[in-house]
Amino acid sequence: MKKCTLHPLILLSFALLSSSMIDAAEPRKPNILFILVDDQSPFDFKFYNPQSTLDSPNIDRLATGGMIFDAAHHMGSFTGAVCTPSRHMIMSGRTVWHLPIGHGSKNCPPDLEKNTIGAVFNRAGYATMRTCKQGNSYADANKQFTVVHDATKRGGTAETGSAWHAERVLDYLGERKEKKDTRPFFIYFGLSHPHDIRDGTPELLAKYGATNHKDQSSPPAPNPKQPPLPPNWLPAHPFDNTSMNVRDEKSVSGVWQRRDEATIRNELGREYACSENIDIQIGRVLKQLEEMGELDNTYIFYTADHGIAIGRHGLQGKQNLYEHTWRVPMIVKGPGIKPGSRVPGNIYLGDLLATFCDLTGVAAPETNQGTSFKPVLLGEKQSTRDVLYGMYSGGDKPGMRSVKQGDWKLIEYESTTTKTRETQLFHLKENPHELIAEHKDPKATNLAKDPQHAAKLTEMRALLLAEMRRLNDPWRYSDQPDDGLTPPKSDQPRDKKKPNKNK
């Protein structure tokens, strides 16, 4: 039989055709737009708090078009600059006692920055870009992004405020379009607001009836346009929570140590003015992505590095473990995510790196300790974990610890300096605002001393101890086993640079 052969040009044509068919069948890798704001309580938004007067139409559209998380948390802090460990956890996927700063540095591998977000996605062939504030973050990890435009912008103009960060993202997208860069991108769109000093634009300050108050001796003038007081507002916190002398509780310009109604409502107005400006800037970036045809292939994450009190429970800052501060807003929108969905989630900010990798098919680094919540995003489950742990030891030691399981939440406080020892037990379904006796609501209060809940208190304390052990917490409370631990001399971050005075 005569052997059949094909002309070399025909063979080449088949090879090219086969190759193009494979390329056409191979899906585009998704982009990531990660939006991180500085100091924002989830309860600023209507989708968490229907009584909120904040206008945030672009963020609201992300929420209705994606998934809202009702139990997203940062893990805690061993310093008053809570954003510092929070941003280390975001970048590295490490838990709070396993970071390259503070006491946990002995539990951290060397050269961790080489396995943080920018470095991981650079190696995976992504185009990476970052803009955010300077200071109180993870400087070595920030440098790993290919394009970096970091600056702290907390002013009330386009050049000194949130618009500056948006312009950097818009410029970057414009350059991609001009160069016809088709690589998938990871954009870290960080903003310096609504962290104090909350100098909003004049028109947005006027909208919320707020002024940049300068007189420490008297409260600002009341204005009916100002946001209402939160339901858990108090004129003072009822006990020393172990960190009452931190900067945020004493020195924030416009508030200082005042917690009167006029001061808090004015400061919330300033917060809302800054937050609405953030929303406007996000809208500009989303519009550009849509015009470029990239929006449908982009996962958009919106969150904050931690929450903030601003009058809630008589506190001002982020050095506490109430829900307004321990929780963070979290919205995710993108391919495969059901619009208008809502889940508890039970996630940490430290789970983000694992999730970014899982969604994009990028291998997570071996140093990662977070858990991907991709199964939650795709509707396969409601939560990532059953138990959540929170800590704060940036003041007197051992400080505050919290554990949450289902609707039950425990907060422990202890100071070996002032001899403070307090316990709070809340059922969050019945008492979502964590109201205490000083709120004068008999139906919603601290249940720690209620004999009917003694068994639950014992159970939650055991759960807290188990989490402290599991996560290598170096501290113990006086009524816990010491486990042979020697309390650290210091667990403050060691940084060669001077800390940012605004945290």
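For the structure I just gave you, tell me whether Pro50 is in a loop (DSSP other than H, G, I, E, B) and modelled with pLDDT under 95. Against the criterion (in a loop (DSSP other than H, G, I, E, B) and modelled with pLDDT under 95), Pro50 does not qualify.
Applying a threshold of 6 Å to beta carbon distances and a minimum spacing of six or more residues, or different chains, the list of pairs starting in region 215-226 at a residue that is charged (D, E, K, R) and ending at one that is in a loop (DSSP other than H, G, I, E, B) and surrounded by 11 or more Cβ atoms within 10 Å (Cβ to Cβ) reads Lys225/Tyr208; Lys225/Gly209.
In this structure, Thr303 qualifies as of a type in the set (Ser, Thr, Tyr) and surrounded by fewer than 24 Cβ atoms within 10 Å (Cβ to Cβ). Of all the listed residues (Asn346, Asn368, Asn320), the sole one being at pLDDT 95 or above and out of contact with any strand residue (DSSP E or B) (no Cβ under 9 Å at 6 or more places or on another chain) is Asn368. When region 420-451 is filtered for residues that are of a type in the set (Lys, Arg) and over 17 Å from His237 (Cβ atoms), the ones remaining, listed by number, are Lys429, Lys443, Lys449. Could you please find all residues in region 235-250 being in contact (Cβ under 8 Å) with a residue 12 or more places away in the chain and not in a loop (DSSP other than H, G, I, E, B)? Correct list: Arg247, Asp248, Glu249. Before we move on, is Asp248 buried (at least 20 other Cβ atoms within 10 Å of the Cβ) and either of a type in the set (D, E, K, R) or at pLDDT below 95 (or both)? Considered against the rule, which asks whether it is buried (at least 20 other Cβ atoms within 10 Å of the Cβ) and either of a type in the set (D, E, K, R) or at pLDDT below 95 (or both), Asp248 comes out as yes. Of the listed requirements (1) surrounded by 20 or more Cβ atoms within 10 Å (Cβ to Cβ); (2) among the hydrophobic types (A, V, I, L, M, F, W, C); (3) part of a loop (DSSP other than H, G, I, E, B), Leu205 misses just one: (3).
Answer yes or no: is there a residue in region 124-147 that is over 24 Å from Thr298 (Cβ atoms), out of contact with any Ser or Thr (no Cβ under 8 Å at 6 or more places or on another chain) and either crowded, with 19+ Cβ neighbours inside 10 Å or of a type in the set (A, V, I, L, M) (or both). Yes, there is a match, as at least one residue in region 124-147 is over 24 Å from Thr298 (Cβ atoms), out of contact with any Ser or Thr (no Cβ under 8 Å at 6 or more places or on another chain) and either crowded, with 19+ Cβ neighbours inside 10 Å or of a type in the set (A, V, I, L, M) (or both).
The set of residues in region 271-307 being of a type in the set (D, E, K, R) and under 20 Å from the mean Cα position of the chain (by Cα) consists of Glu271, Glu276, Asp279, Asp305. For region 125-172, which residues satisfy the criterion of being charged (D, E, K, R), part of a loop (DSSP other than H, G, I, E, B) and over 17 Å from Asp199 (Cα atoms)? The one that is charged (D, E, K, R), part of a loop (DSSP other than H, G, I, E, B) and over 17 Å from Asp199 (Cα atoms): Lys143.
The set of residues in region 261-300 that are of a type in the set (A, V, I, L, M), crowded, with 22+ Cβ neighbours inside 10 Å and over 30 Å from Lys29 (Cβ atoms) comprises Ile264, Leu268, Ala273. Residues in region 104-123 that are among the aliphatic types (A, V, I, L, M) and either more than 17 Å from Lys29 (Cα to Cα) or surrounded by fewer than 18 Cβ atoms within 10 Å (Cβ to Cβ) (or both): Leu112, Ala119.
Taken as a whole, the structure leaves Ile22 outside the set of residues that are surrounded by 10 or more Cβ atoms within 10 Å (Cβ to Cβ) and either modelled with pLDDT of 95 or more or of a type in the set (A, V, I, L, M, F, W, C) (or both). Contact map, region 131-148: residues that are farther than 15 Å from Pro85 by Cα paired with residues that are part of a helix (DSSP H, G or I) and hydroxyl-bearing (Ser, Thr, Tyr), Cβ distance under 8 Å, separation 6+ or inter-chain. Pairs shown: Val147/Tyr172.
Does Leu359 count as among the aliphatic types (A, V, I, L, M), outside any loop (DSSP other than H, G, I, E, B) and over 19 Å from Glu467 (Cβ atoms)? Yes; evaluated as a whole, the condition is true for this residue.
Residue under question is Gly161, and the condition is that it be crowded, with 23+ Cβ neighbours inside 10 Å, in contact with a helix residue (DSSP H, G or I) (Cβ under 9 Å, 6 or more places away or on another chain) and on the phi < 0 side of the Ramachandran plot; does it hold? Considered against the rule, which asks whether it is crowded, with 23+ Cβ neighbours inside 10 Å, in contact with a helix residue (DSSP H, G or I) (Cβ under 9 Å, 6 or more places away or on another chain) and on the phi < 0 side of the Ramachandran plot, Gly161 comes out as yes. For region 68-103, a tally of residues being of a type in the set (Gly, Ala, Ser), surrounded by fewer than 24 Cβ atoms within 10 Å (Cβ to Cβ) and under 15 Å from Arg327 (Cα atoms) returns 1.
The values are calculated or read from the model by the stated rules, or taken from the named source; none is laboratory data. Computed from a predicted structure; not experimentally measured. As a convention, Cβ positions derive from the backbone with ideal geometry for all residues, glycine included, and neighbour counts pool all protein chains shown.
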